[in-house]
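Quick notes on the structure that follows.
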There are 2 protein chains.
Amino acid sequence: MSLKYFFNPEAVAIVGASSNQKKIGRQVLNNISQGGFRGRIYPINLQEKKIAGLKAYSDLQKLPRQDFSRLLLIIAIPAQFVLEEIKKCVSLGIKNVVIISAGFKEGGADGKEREKLIVDLAEKNKINILGPNCLGLINVSNNLNASFAASGCKPGRIALLSQSGAVGSAALDWLKTKDFNLAYFISLGNKAVLDESDLLEHLSSDKKIDLIVAYLEEITDGERFMTLVSKIAKRKPVAILKAGTSAAGGTMAKSHTGSLAGSNQAVITGLKRAGAILLNNLEELFNLLFLFQKKAWKNKGKQELHLLTNAGGPAVLTVDSLSQHNLVLGSSLDLLGDADALRYEEALNKLLEDKSVNNVLVLLTPQTVTEPLKTAEVIVAASKKYPAKLIMASFIGGAAVRSARSLLEDNEVPFFEYPEEAIETFKQLALYKVRMKDLKDYLPFSGKKEKEISGNDYLHSLALLKKYNIPTVKTYKYDHKKINNFRFPLVLKAIGPDFLHKTEKKAVVINLENASGLQKAVRVMEKNNQKVFRNPLNYLIVQEQADKFQEIILGFKRDISFGPIMMVGLGGIYAEVFKEVKLEIADLDFKRALLMIQGLKIYPILNGARGLKKYDVKALAKMIVNLAKLANEHPEIKELDINPVFIFEKGASAGDVRIIL
Amino acid sequence: MSLKYFFNPEAVAIVGASSNQKKIGRQVLNNISQGGFRGRIYPINLQEKKIAGLKAYSDLQKLPRQDFSRLLLIIAIPAQFVLEEIKKCVSLGIKNVVIISAGFKEGGADGKEREKLIVDLAEKNKINILGPNCLGLINVSNNLNASFAASGCKPGRIALLSQSGAVGSAALDWLKTKDFNLAYFISLGNKAVLDESDLLEHLSSDKKIDLIVAYLEEITDGERFMTLVSKIAKRKPVAILKAGTSAAGGTMAKSHTGSLAGSNQAVITGLKRAGAILLNNLEELFNLLFLFQKKAWKNKGKQELHLLTNAGGPAVLTVDSLSQHNLVLGSSLDLLGDADALRYEEALNKLLEDKSVNNVLVLLTPQTVTEPLKTAEVIVAASKKYPAKLIMASFIGGAAVRSARSLLEDNEVPFFEYPEEAIETFKQLALYKVRMKDLKDYLPFSGKKEKEISGNDYLHSLALLKKYNIPTVKTYKYDHKKINNFRFPLVLKAIGPDFLHKTEKKAVVINLENASGLQKAVRVMEKNNQKVFRNPLNYLIVQEQADKFQEIILGFKRDISFGPIMMVGLGGIYAEVFKEVKLEIADLDFKRALLMIQGLKIYPILNGARGLKKYDVKALAKMIVNLAKLANEHPEIKELDINPVFIFEKGASAGDVRIIL
């Protein structure tokens, strides 16, 4: 579905427009007409003939004949009347609709049903719907403010999407105060038809945009989202503030958005895979917007940060913060407490003349002879002279730096109240620049699905691993007649539905050195589990005991939105304590599997640190790749754990496996 | 030294006062006279007869006769003339001095020498000196602004100390803008004579103060500081922003303060021990000041946080942040997007009527019918009606919430730009309340010092441990004649100055099962190290090999400011990878030693999680206590490591020891 006329309609109609200024429909009408939209505007109201000086129509069907596919319809009437209007869209051929009205999925069973009817109709007739339960949209570049939020933004290069209307309206209010530049504002609401991916797809080809920022409480289709973001992020950053990252927050988000797709871990893993910038809170979101106002963020080359300051203390805090985020300090020059604007000017220009200097943070604290406003003018002039260099400022204080701050903000110099905020924001940019270099397109699995497995019998599960070239420890069903064929030392295990928690059930005996020891262990186990062994799904196996290994855990969990999430980590007794795992999306190759392992804190140990043994991490990486293949070809498997994986100096083997269908 | 007249002088003299408004001495004079100070004011200037309408004196010695011990002298003249004035103080009996002038320790060798001469004179004659290189001090309660920073603060209950003049002046400027209440502002400067502990000692008994906040780049005398803070923090919080926490930041701080006492780890451990609130950055510092403006922070009882909001999104982010900081959400009520001030009022009052509700955060985002200012009035009224309850606000937005914000700030309702900031600040308060409950006074070690040990010979070091009841693994100097007395399995180790890195040197052989195996290993080792063994300090030992244990590391490092810092953590191959250690100050008892161990992530494993073996953590705790005693009684030991400590199901033993004198 093209969104061309959704964002650039030739005409706009507002169902719910009214001469009552308090009505939302009227506020939308005001925003559209006062915003300078150049197309035709049709207020629609059952009773009124004229609204805000415009001819009003009693019904959508009474509008003058035209190409309705190029009209944008805004609906701001009570929820129970909305379906009727959508039906009219079907008959008229209207394809682009914003439903501002609330009272749908977010409001109980009735609302859910109401929304479903609309969605069915829209999908059948290919109607783009934004919302319901949203603020609307603003396309600053063509003066279209089809929202009930006052905009006041100048045309800029940033697109802002928000699933929460409240966060959206707060952001707009905040941006207006900062005299901010914006390209698009889009309030997603319930995402009944259009979701973040649809909008991203449209925005991806918009050359006006430099940055896409979204506040999201859930991502409807993770795989599609990754496909899009991984493509876009190679050219311009996509930054996401994902709310509901805690269990409690997630539950709350679910209750007020009416749905929640994807686990938080999966979302984070998926966004990282796609190369998105992950924001942690609203402050980071707003600060990021500042950084990206000018094209200077695009500078290439050395990403060191250079400091100019008139005070030691704040510089120390800044350097602390740089260290904490593993960023590199370029130069740091203390102009001393009596630095006036001239001293700043000379130092700043000298610094910027150096071609290797790309990023500068100017710190200032108001002291006796400090000239905050003049210093701000110096910075503005330097920013204009060197448009390709990123010059940020942090003037710490209150009244004494207020007008300087306004001047810097008006001139789009990224300004931060505290230097630590500047560093945190700069870190996001630096990280993005590193990541975008080898970002690969996400390709959802499109190969053939293998025949579904029918159960999770232990030996069958091991056989499935082998089929995918995942080596397993030699394992036999216990048979006292074959006892002389076994190679000792051995491990004896009880397997089956009654032995899911092997440690607690004492279902594992290790270090069996010979046949008599094994037989003794078998007798004890049989005696303790007589009843249970009547079920043939419970049985005994023996495995050859591994020697000289490190214990690893490996597995995947399928997310409904992002697909299989691969996991590798530290096994053994410390596994639960340190939760040392790395996650990845299942489109991985050998190189990325290796990166997962190298990202583990225990990697130096696997790699033979301090003259110790070196383990076969390549074999482990191959195992991860093969397991990802298995995960992709067996969508019926919800979860699979290999714990332990033994990694040896040569090779690696699955020691145990658990499958959940 | 009493600071009574330092903060409450009967008269103030300013050396360096001038009719030139640009001179710092003149600015100080203006601040004193315009600030409403009621005592006598003496400008001192060689040439001028009258300054700012006050009679001026050509020299300190020309002042009218009076009790000079009750006079405060401010010095604001070039550094090279300051010593002369201090000499006059000695002859006149002036005891309280602020040196504002810079050009001392912070400025090279000359300045260092200059400062030393002044310090010697001051210490010999018991003269209190603040600075040099500082802004001065403000005692708001008696209208004394003896600084060159404009104050404008109303009398309040907070004392603010800053080692950095720039951070101090930025803070004052910021506080002025917020119409903030303050009790004291003290700029520490170079701390030549008066340091943070001296000032803390004076402030500790001041009932006007509710909170002490300090920005510090180093703590001169850690043990004294802990003694004071641990006493004060039982009654009122002491919050510290310690700059220079990173290696690079520390180096920078050192270069501009001219000194740096104590390692950062030691400082953090010491401040925690003393019950201080640890601040991470300037934003946290300023936010904390807001929280403590009213006495409401003192509320006792349940420390859950209750939420009122008109928007789901920000509430989700708030709950995420609560979870992240392990705080408990009380109730959370969404008043919905169309909540007006009345709805807020009813909900807020209903909430506050509940006696178990102590802490409330009111969230607001400007939406269509939102009434930010009226809602702020509602909150102010509620704060006045319930002065014992902590009511915080976070109104997210720009212009639409600006006047509401001012109203809340003017009425001392803690206001935060973003809800996450509110949560982070509230966390500090909640943590403080938990900690202050069992806070014990820090008592510096005052027992007798034992005879110094003379070297770090391995067997002597083990003997020293034994003397302090720290069990050690049975260890013998290797002697082939005694080979039949040894109990196998054994470990063979080469010991001495040439075997400090045993693993790299292959100086340890384990699993020696019998005499012939041992002899073989000895032969190999002797052959490989023929030269080295000519030095009798290098020799071979054998140790009985432990079985069924967990490996722990234990030790201490002596900090020049905070004394011995005890350390316990995970040993074995994962020690370096996970750096799982807990640190404590050496005044610990058995209970706190146990808390250290329980604070380790691996504690569940030591404590027999999931039906595993349970190890003797009490024996380990005793070992820590005994080692602390050793550390206190042997100040000549700079560092001591026991690695590994074997912890068994019953008992624990030192397996190896390294001492640095």
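Read-outs throughout are calculated quantities, based only on the coordinates presented, and are distinct from any laboratory measurement. From a predicted model like this one, the values you see are computed outputs, not experimental measurements. Cβ atoms come from the backbone with ideal geometry, glycine included; neighbour counts cover every protein chain shown.
If amide hydrogens are placed 1.01 Å from N in the peptide plane, which non-local residues have theirs closer than 5 Å to the one on residue B:51?
Close amide H contacts, sequence-distant or interchain: B:56.
Sort B:316, B:508, B:15 so the one with the fewest other Cβ atoms within 10 Å of its own Cβ comes first.
Working: B:316 30, B:508 15, B:15 27.
Ranking B:316, B:508, B:15 by Cβ neighbours within 10 Å, fewest first, gives B:508, B:15, B:316.
Among the lysines, select those whose C-alpha is under 23 Å from the C-alpha of residue B:527, and discard any that sit fewer than 8 residues away in the same chain.
Qualifying lysines at Cα under 23 Å: B:477, B:481, B:482, B:493, B:502, B:505, B:506.
Hey, could you pull the Cα Rg and Dmax for region A:362-429, both in Å?
Taking only Cα atoms of region A:362-429, I get Rg and Dmax of 11.5, 35 Å.
Given chain A, report the % of alpha carbon pairs whose separation exceeds 32 Å.
Numbers: 133276 of 218130 pairs.
Everything past 32 Å amounts to 61 percent.
Which aspartates and glutamates, if any, have their Cα less than 20 Å from the Cα of residue A:629, not counting same-chain residues under 8 positions apart?
List returned: A:223, A:441, A:450, A:452, A:559, A:584, A:587, A:589, A:639, A:641, A:656.
Just add up the charged neighbours of residue B:80: K/R +1, D/E -1, any other residue whose Cβ is under 10 Å from the Cβ of residue B:80. Mind dumping the intermediate values first?
Working: positive: B:114; negative: B:84, B:110.
Residues near residue B:80 contribute -1 overall.
Rounded, prolate or oblate: which one fits region A:34-178, using the alpha carbon gyration tensor with axes a ≥ b ≥ c (rounded when a/c is under 1.5, else prolate when a/b beats b/c, else oblate)? Each step should come with its number before you reach the end.
Details: a/c = 1.73, a/b = 1.18, b/c = 1.47.
Oblate, since a/c reaches 1.5 and b/c is not below a/b.
Can you tell me the Rg and Dmax of region B:474-544, counting just the alpha carbons, in angstroms?
11.3, 30
Taking the Cα centre of the protein assembly as shown as the origin, how large is its charge dipole in debye, to the nearest 20, when only Lys and Arg (+1) and Asp and Glu (-1) carry charge on their Cβ atoms? The partial results should precede the final answer.
Numbers: 184 positive and 140 negative charges, 461 e Å.
So the dipole magnitude of the protein assembly as shown works out to roughly 2220 debye.
Arrange A:236, A:477 by Cβ neighbour counts within 10 Å, fewest through most, would you?
Details: A:236 21, A:477 12.
Going from least to most buried by this count: A:477, A:236.
Cross-link partners among aspartates and glutamates for residue B:191, C-alpha distance below 16 Å, same-chain residues fewer than 8 apart left out?
Cross-link targets: B:106, B:113, B:115, B:120, B:123, B:201, B:217, B:218, B:221.
Which pairs break 21 Å Cα to Cα here: B:294/B:427; B:234/B:427; A:231/A:557; B:50/B:95? Show your work: numbers first, answer last.
On the way: B:294/B:427 17 Å; B:234/B:427 18 Å; A:231/A:557 25 Å; B:50/B:95 26 Å.
A:231/A:557; B:50/B:95, as the Cα separations exceed 21 Å there.
Can you work out D for region B:1-49 in µm² s⁻¹ from Stokes-Einstein, where Rh is the Kirkwood radius over C-alpha pairs, the temperature is 25 °C and the viscosity is 0.890 mPa s?
Working: Rh = 11.5 Å.
Using the Kirkwood radius from Cα pairs, D works out to 213 µm²/s.
Amide H neighbours of residue A:277 under 5 Å, counting only residues 5+ apart in sequence or on other chains, H built in-plane at 1.01 Å?
A:238, A:239, A:240
If contacts are Cα pairs under 8 angstrom and at least 6 residues apart, what is the relative contact order of chain A in percent? Each step should come with its number before you reach the end.
Details: 1341 pairs, mean separation 56.0, N = 661.
RCO, chain A: 8 percent.
Could you tell me what percent of the DSSP beta bridges with both partners in region B:4-291 are antiparallel, to the nearest 5? Walk me through the numbers before you get to the answer.
Numbers: 9 of 46 bridges.
Percentage antiparallel, nearest 5: 20.
For region B:550-660, what is the charge dipole size about the Cα centre, in debye to the nearest 20, if Lys and Arg each add +1 at the Cβ and Asp and Glu each add -1 at the Cβ? Write down the numbers at each step before the final one.
Working: 16 positive and 14 negative charges, 90 e Å.
About 420 debye.
Helix B:282-291: angle to the longest alpha-carbon principal axis of chain B, degrees 0 to 90, nearest 10?
So the inclination is approximately 60 degrees.
Suppose we keep just the DSSP beta bridges with both residues in chain B; what percent of those would be antiparallel, to 5? Display every interim value, and only then the final one.
Numbers: 48 of 101 bridges.
Given both bridge residues lie in chain B, the antiparallel proportion sits at roughly 50 percent.
For residue A:276, what is the net charge nearby, where nearby means another residue's Cβ is under 10 Å from its Cβ and Lys, Arg count +1, Asp, Glu -1?
After counting each charged neighbour, the total is +4.
Just in region B:358-463: which chymotrypsin sites (Phe, Trp or Tyr not before Pro) are loop by DSSP and have at most 12 other Cβ atoms within 10 Å?
Working: sites: B:395, B:415, B:416, B:426, B:432, B:442, B:445, B:458; in loops: B:416, B:442, B:445.
When the chymotrypsin sites (Phe, Trp or Tyr not before Pro) of region B:358-463 are filtered for loop state and at most 12 Cβ neighbours within 10 Å, nothing remains.
Obtain the nm distance between the two label points defined at residue B:88 and residue A:4 by a simple spin-label model: each point lies 7 Å from its Cα along the Cα-to-C-beta direction.
About 8.6 nm separates the two model spin labels.
I'm a student and want to see the number: the projected area of the Cα convex hull of region B:514-604, averaged over all directions, in nm². Don't skip to the end; give the middle numbers.
Working: hull surface 39.0 nm².
Averaged projected area of region B:514-604's Cα convex hull equals 9.8 nm².
Taking +1 at the Cβ of each Lys and Arg and -1 at the Cβ of each Asp and Glu, which of B:376, B:422, B:365 sits farthest along the dipole of region B:358-427 towards its positive end, judged by Cα position relative to the Cα centre?
The one lying farthest along the dipole's positive direction is B:376.
How far is the Cα center of region A:563-629 from the Cα center of region B:178-192, in Å?
That distance is 52 Å.
What is the local net charge at residue B:486, summed over the other residues whose Cβ is closer than 14 Å to its Cβ (Lys, Arg +1; Asp, Glu -1)? Don't skip to the answer; put the middle values down first.
Details: positive: B:474, B:477, B:481, B:482, B:487, B:493; negative: B:479, B:513, B:544.
It works out to a net charge of +3.
Taking 60 Å as R0, compute the FRET efficiency from the Cβ-Cβ separation of residue B:298 and residue A:454 and round it to 0.05.
Numbers: r = 65 Å, r/R0 = 1.08.
The value I calculate is 0.40.
Using only the Cα atoms of region A:550-660, each taken as one equal point scatterer with no solvent, compute I(q) by the Debye sum, divide by I(0), and report log10 of the ratio at q = 0.18, 0.22, 0.23 Å⁻¹.
Values, matching the q order: -0.83, -1.23, -1.34.
What does the charge dipole of region B:322-395 about its Cα centre add up to, to the nearest 20 debye, if the Cβ of each Lys and Arg holds +1 and the Cβ of each Asp and Glu holds -1? Let's see the in-between values first.
Numbers: 7 positive and 9 negative charges, 67 e Å.
Roughly 320 debye, rounded to the nearest 20.
Just to be sure I follow: if Rg is taken over the C-alpha atoms of region A:4-291 and Rh is the Kirkwood radius over the same atoms, what is Rg/Rh?
Rounded to two decimals, Rg/Rh equals 0.96.
For A:406, B:394, A:91, which order do you get if you count the other beta carbons within 10 Å of each Cβ and list the fewest first? Could you put the intermediate results ahead of the total?
Working: A:406 15, B:394 26, A:91 11.
Fewest-to-most ranking of A:406, B:394, A:91: A:91, A:406, B:394.
Could you give me the percent of Cα pairs per 10 Å distance bin for region B:295-437, shortest bin first, beginning at zero and ending with the bin that holds the maximum distance?
That works out to 12, 48, 35, 5, 0, in percent per bin.
P(r) for the protein assembly as shown, please, calculated from all Cα pair distances in 20 Å bins and given in %.
9, 30, 35, 20, 5, 0
At 7 Å along the Cα-to-beta-carbon direction for both residue B:355 and residue A:528, put a label point, then send me their distance in nm to one decimal.
It is 5.4 nm.
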